[in-house]
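Just so you know, all these numbers are worked out from the coordinates, no wet-lab data involved. These numbers were taken from a predicted model, which means no experiment stands behind them. Positions of Cβ are generated from backbone atoms using ideal geometry, with glycine treated the same way; all protein chains shown enter the neighbour counts.
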Amino acid sequence: MFKSLPAYTKSKRLSVKNLAVEKQDRWLFQNINFDLQPKEVLHLEGENGSGKTTLLRVLCGLTIADEGDVYWNDVSIQKQSYDYHLQLSYVGHSDGIKQDLTVVENLRVAMVLSRSIYKVSDKQILGDILKNIGLENKEDTLAFHLSAGQRRRLAFARCLLNDSALWILDEPLTALDIKGIAFIEQAIQAHIERGGLAVITSHQPLNIKNVRCTRLNLSAVA
Amino acid sequence: MLQAFLIILQRDLILAIRHRAELMNPMLFFVLVVVLFPLGIGAEATILERIAPGIIWIAALLSALLSLDRIFRTDMEDGSLEQMLISAQPMSLLILAKIIAHWIITGLPVVLVGPLLALFLGLSAEGIETLFFTLLLGTPVLSAIGSVGVALTVGLRRGGVVLSLLVLPLYVPVLIFASQAVDAAAAGFPTAAPIAMLSALLLLSLSLTPWAASAALKMSVS
C-alpha cells in the first residue's frame, strides 16, 4: 500500500518561534524554536508532565500559546486554519473513537471530517485500510469490543485516510504489539519518504531508517 | 460540506439509538411531571385547563435542560471533539448538525407527546393546536441556545449548576411567548404575534448559536 503512493504535491514547512506556554502560574516550557522541513521527523522527549502533549496541542492549534506562534509555510496557523487542518493528521492522547460506533462507522466519520482523498462509499479502500491496520473482518464490530491496541490502530488509520503532509502523533506506539509497532514505523517511514513531516512523542525508541530525526527534550528546556 | 452535516447528524442519531435508556430519560421526566400535576393540585377541570400550557412548557424546558450536557460532553471525553475542531470542515456546520440531532432525539418526542398530554389536562382544541405549533417552533430554540451553554461549560469538571444558571434565563422568552400564544388561542384571541416572535427566535438562534458555540468550544478545549 505504501510503496505505490506518490510524493506529496504540496510539501511545506512547520516552524515554531519563541513558543511558551504557562500553566498554573508557571512556565510549562519557554523559548521553543524549531524549523521542520519535508522528510524530517521531530521526536519530542521529556519526563512525564514536561508538556509534550501540550506542545502537540499547540502545534495542532487546539491550545493557544501564551507567547510565540506556530507557522505553516511562514504563515501563522491561526490565519489559515482551514488550509492547515487540511494538511494535518493528529492522533492524540484520547483517540477520538466512538465506543458505540462500529469500526467502519468510525472510519467513515473520520473520512468525511478530514475531506479524505477516498470516497466514503468505496468499500475496496475501506477494506484495504482495515487490512493494513490489522482489523480485517472487524468492520461491524463496535469499537467498544476492540482491545486497547486495536483501538490505537484504528485511531492511527486517520493518518492514512487523507493526503496530509503533517502527522502529529502522541505516543503512537503505546499498547501495540510487535507487529503493530512495526506497521506504524513502516507507515511513518513511507510518509517521510514521500516528503512528509512528522512530530512524534514516544518513550520507546522509533526504528526509522535513513530519516533526519531531530530530538527536542522538553525537560531540558524547562 | 453537506456530506459532513449529514454524517454528523447520522452519527449522533445512531449513538442515541444505541443508548436507548438514556434517550428515554428526559422523555419520561417530561411525561411524569405533567402527569403528576393533576394529582398534586386536584382534578378540577377549570384550573387544569388554565395552567396546562404553563405546565407542559415548563416540563419541556426542564427535560431539555436535563439532556443538554450530552450534546458535547461525551465527545469531549473521548477526543472526538478535538478531531472535529481540527477537521477540514467548518465547525459551526458540525455543531448545527449536532443541535438538530439533539432536537430530533429530545425535542421531537416532546412535540409529539405534548399535545396528547394537553388533551388529558382538558385544554381546548384551539389551545392544543397552538400548543403543537409553539412546541414545534420553540423546542429547537432550546437545543440551539443550550448548545452554547454546554460549549461554555463542557471544559469545567462540574458544569451542571453553571449550565442551568446560564441557560434558563435565556429560555424565559421562549416560555413567555409560547404560553402567551396558547393562552390567547384558548381564549379565542389571535395568536399571530407570539407565534411570529417564536419563529423569529427560532431563525435567530439557529443562525447565530452554531458560531457562538464553536467559539466557546475552542476556548473550552484549550
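Assorted remarks:
- Checking the cross-link pairs A:Lys23/A:Lys131; A:Lys52/A:Lys98; A:Lys52/A:Lys209; A:Lys138/B:Lys98; A:Lys98/B:Lys218; A:Lys39/A:Lys119 against a 30 Å limit on the alpha carbon distance flags A:Lys23/A:Lys131 as lying beyond it.
- 10 Å Cβ neighbours from other chains, averaged over peptide B:11-19: 3
- Stretchable slack from B:Thr46 to B:Ile17, in nm (0.36 nm times residue separation minus alpha-carbon distance): 6.4 nm
- 5 angstrom amide H check on A:Glu45, placed H, neighbours 5+ away: A:Leu216, A:Asn217, A:Leu218
- Label zone at A:Trp27 (point 7 Å along Cα-to-Cβ), backbone N below 11 Å, the stretch A:199-222: A:221-222
- Cα-based Rg of the stretch B:14-112 normalised by 2.2 N^0.38 Å, two decimals: 1.38
- Shape of chain B, Cα gyration tensor, a/c cut at 1.5: prolate
- For a modelled paramagnetic label at B:Ser124, 7 Å from Cα along Cα-to-Cβ, the residues of the stretch B:11-55 in reach, with backbone nitrogen under 15 Å, are B:46-53.
- Rounded to whole numbers, the Karplus 3J(HN,Hα) couplings from phi for the stretch A:211-217 are 10, 6, 10, 8, 10, 9, 9 Hz, using 6.51 cos²θ - 1.76 cosθ + 1.60 with θ = phi - 60°, and x at Gly and Pro.
- Burial ordering of A:Ile97, B:Ile195, fewest other beta-carbon atoms within 10 Å first: B:Ile195, A:Ile97
- Fewest-first sequence of A:Ile117, B:Ile99 by Cβ atoms within 10 Å of each Cβ: A:Ile117, B:Ile99
- Descending semi-axes in whole angstrom, ellipsoid equivalent of the protein assembly as shown, from the Cα gyration tensor: 49, 23, 18
- Charge tally in the Cβ shell below 11 Å around A:Asp177, where Lys, Arg are +1 and Asp, Glu are -1, A:Asp177 excluded: +3
- Long-range tail of P(r) for the stretch B:84-123 (Cα pairs > 17 Å, %): 51 percent
- Viscosity 0.692 mPa s, 37 °C: Kirkwood-radius Stokes-Einstein D of chain A over Cα pairs, µm²/s: 183 µm²/s
- With Cα atoms, 0 to 90° folded angle of helix B:45-67 axis to chain B main axis: 10 degrees
- Each label was represented as a point 7 Å from its Cα along the Cα-to-Cβ direction; for A:Ile178 and A:Tyr82 these points are 4.9 nm apart.
- Cβ-to-Cβ counts within 10 Å put A:Val70, B:Val148, B:Val33 in ascending order as B:Val33, A:Val70, B:Val148, the fewest first.
- Sites A:Gln124 and B:Ile104 - FRET efficiency at Förster radius 25 Å, r taken between beta-carbons, to 0.05: 0.15
- Here the ratio of the Cα radius of gyration of the stretch A:3-125 to 2.2 N^0.38 Å is 1.23.
- Between the helical axis of B:2-18 and the longest alpha-carbon principal axis of chain B there is an angle of about 70 degrees.
- Relative contact order (percent, whole number), chain B, Cα cutoff 8 Å, 6+ residue spacing: 26 percent
- Spatially proximal aspartates and glutamates relative to A:Lys12 (Cα-Cα < 16 Å; intrachain offsets below 8 disregarded): A:Asp35, A:Glu40, A:Asp74, A:Asp83, A:Asp163, A:Glu193
- Under 15 Å, Cβ to Cβ, from A:Asn48 - net charge with Lys/Arg +1 and Asp/Glu -1: -2
- Rounded if a/c under 1.5, otherwise prolate or oblate - the stretch A:57-110, Cα gyration tensor axes: prolate
- Between 0 and 90°, nearest 10: helix A:178-193 axis offset from chain A longest Cα axis: 70 degrees
- Of interest is the spacing of the C-alpha centroids, which for the stretch B:161-207 and the stretch A:101-148 amounts to 44 Å.
- Note on A:Ala7 and A:His203: the extension gain reaches 67.6 nm, defined as 0.36 nm multiplied by sequence separation minus the Cα-Cα distance.
- Projected label distance in nm at A:Gln99 and B:Leu170, using a 7 Å step from Cα toward the beta-carbon: 2.9 nm
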